[in-house]
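The values are calculated or read from the model by the stated rules, or taken from the named source; none is laboratory data. Since this is a predicted model, take the numbers as computed values, not measurements. Every residue, glycine as well, gets a Cβ built from its backbone with ideal geometry; the counts of neighbours run over all protein chains shown. All accessible areas refer to the heavy atoms of the entire protein, side chains included, with ligands and DNA or RNA removed. Shrake-Rupley method; radii C 1.70, N 1.55, O 1.52, S 1.80 Å.
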Amino acid sequence: MTVNVDTRPAQRVAIVTGGARGIGAAITTTLARAGLHVAVGYNSNSKAAEELAARLRAEGASVSTHQGNVGVPADCQRVVSDVLEQGGRVDYLINNAGITVDKTVRNMTIDDWHAVLRINLSGAFYMTKATLDHMINNRFGRIVNISSVIGQTGSVGQANYASSKAGLIGFSKSLALEVARKGITVNCVAPGYIETEMVAAIAEDTLAKLLKAVPVGRLGQASEIARAVQFLVDDEAGYVTGSVLAVDGGLDM
C-alpha cells in the first residue's frame with residue numbers, strides 16, 4: 001500500500017506593520033504573491049487595510065488584517081498573539097510603521113519628539129519583543145527594520161525622524177549580535193526618496209532640488225523596497241545579518 005505524505009513545509013507567516021499603505025502595502029503585496037501568509041498591521045486606516053487584503057485574496061493570496069498601535073506594547077502583544085493563534089507561527093517581522101512630525105529643533109515640542117520616537121523606534125522594539133521568544137523557540141526568524149537614508153544623512157526639520165531611523169540601525173545591529181546563533185537574522189533596509197503619498201506632499205520646487213542630489217535622477221518605487229525586503233527574508237539570505245541595505249539611488253555615497 002502506498003501512503004502519500006505531504007512533506008511541504010507549512011505556509012510561512014509574515015507580519016508587516018504599517019502594511020496597508022505606501023511602502024508597507026508594496027511589501028505586503030510582494031510577500032503575499034510569493035506565497036506567504038501576510039498579517040497586515042494597521043492603526044487607524046481600516047479601509048486601506050481591508051481593500052488591500054480583498055485585492056490580494058482575489059488573486060488567491062493569504063492575507064489577514066490586524067488593528068493595533070505599535071507605540072502601545074499591549075497592542076503589539078495582542079496582534080502577535082492573534083497571528084499566532086490563527087496561523088500557529090511568525091517567521092518574518094517587518095517593522096515598517098512610521099510617522100513624521102517635521103519641525104526644526106527650536107520649534108519642536110517634547111510631544112513632537114516623543115511621538116515619532118514612540119512609533120518609529122519603540123514600536124519596532126515592542127513588536128520584536130512580542131515575537132522574539134517564538135522565533136528563538138523555532139530556531140528561525142527574519143526581522144527587517146525599515147530605516148531611511150535620513151537616519152544616515154540627517155535632514156533639516158527632521159531631527160526626531162532622523163534619530164528614530166538611526167536608532168533602528170543601532171537596534172538592528174545589537175539585536176543581530178544577540179540572536180545570530182539562534183537561526184534569526186536582523187537587517188535594515190534604508191530607502192531614499194520613494195514615490196509615496198508622503199513624498200507627494202513635498203512642494204514641487206523642493207522635490208526638484210532633492211532629485212538633483214540623487215545620482216540616478218529619479219524617485220524610487222515602493223516595489224523596489226519590497227524586493228529588497230523579500231531578499232532579506234529568503235532562506236538563502238541566512239548569512240546576511242546586521243546589515244543596512246541602502247535602496248536610495250546612490251544618495252548616500
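List of remarks:
- Listed residue pairs exceeding 22 Å between alpha carbons, taken from Lys47/Lys165; Lys103/Lys129; Lys129/Lys165; Lys47/Lys103: Lys47/Lys165; Lys103/Lys129; Lys47/Lys103
- Cα-centred dipole magnitude for the chain, charges only on beta-carbon of K, R (+1) and D, E (-1), debye, nearest 20: 300 debye
- Exposed trypsin sites (Lys or Arg not before Pro) absent - longest run of the chain, DSSP non-H/G/I/E/B, at most 11 other C-beta within 10 Å: 1-105
- Taking the stretch 22-63 and a reference point 7 angstrom along Cα→Cβ of Arg78, the backbone N atoms nearer than 14 Å belong to 42-44.
- Taking one quarter of the surface of the convex hull spanned by the alpha-carbon atoms of the chain gives a direction-averaged projected area of 15.6 nm².
- Relative contact order computed over the chain (Cα-Cα under 8 Å; 6+ residues apart), in percent: 19 percent
- For the chain, the longest principal axis of the Cα atoms and the long axis of helix 222-233 meet at an angle of about 50 degrees.
- The chain, accessible surface, carbon-and-sulfur percent (1.4 angstrom probe): 52 percent
- Axis angle, to the nearest 10 degrees, between helix 22-33 and the longest C-alpha principal axis of the chain: 20 degrees.
- The calculated Kirkwood hydrodynamic radius for the stretch 26-133 is 14.9 Å, given to one decimal from all distinct C-alpha pairs.
- Most positive-pole-ward Cα, Ser172, Ala201, Gln152, against dipole of the chain from beta carbon charges: Ser172
- Contour excess over end-to-end distance, with Cα ends at Arg139 and Ser46 and 0.36 nm allotted per residue: 30.1 nm
- Given +1 at the Cβ of Lys and Arg, -1 at the Cβ of Asp and Glu and no other charges, the dipole of the stretch 96-159 around its Cα centre is 180 debye to the nearest 20.
- Reachable aspartates and glutamates, given that their alpha-carbon falls under 15 Å from the alpha-carbon of Lys212 and they are not under 8 places away in the same chain: Glu204, Asp248, Asp252
- Helix 73-87 vs. the chain, principal-axis angle (Cα, 0 to 90°, nearest 10): 30 degrees
- Dipole of the chain computed with +1 at Lys/Arg Cβ and -1 at Asp/Glu Cβ about the Cα centre; of Tyr239, Val79, Thr100, farthest Cα towards the positive end is Tyr239.
- With all protein chains in place and ligands, DNA and RNA left out, the 1.4 Å accessible area ranks Val244, Val40 as Val244, Val40, largest first.
- Label reach from Lys209 (point 7 Å along Cα→C-beta): in the stretch 155-175, amide nitrogens under 18 Å belong to 155-159.
- For the stretch 81-211, the Cβ-based charge dipole about the Cα centre amounts to some 600 debye (Lys, Arg positive; Asp, Glu negative; other atoms uncharged).
- Rounded accessible area per residue of the chain, 1.4 Å, Å²: 50 Å²
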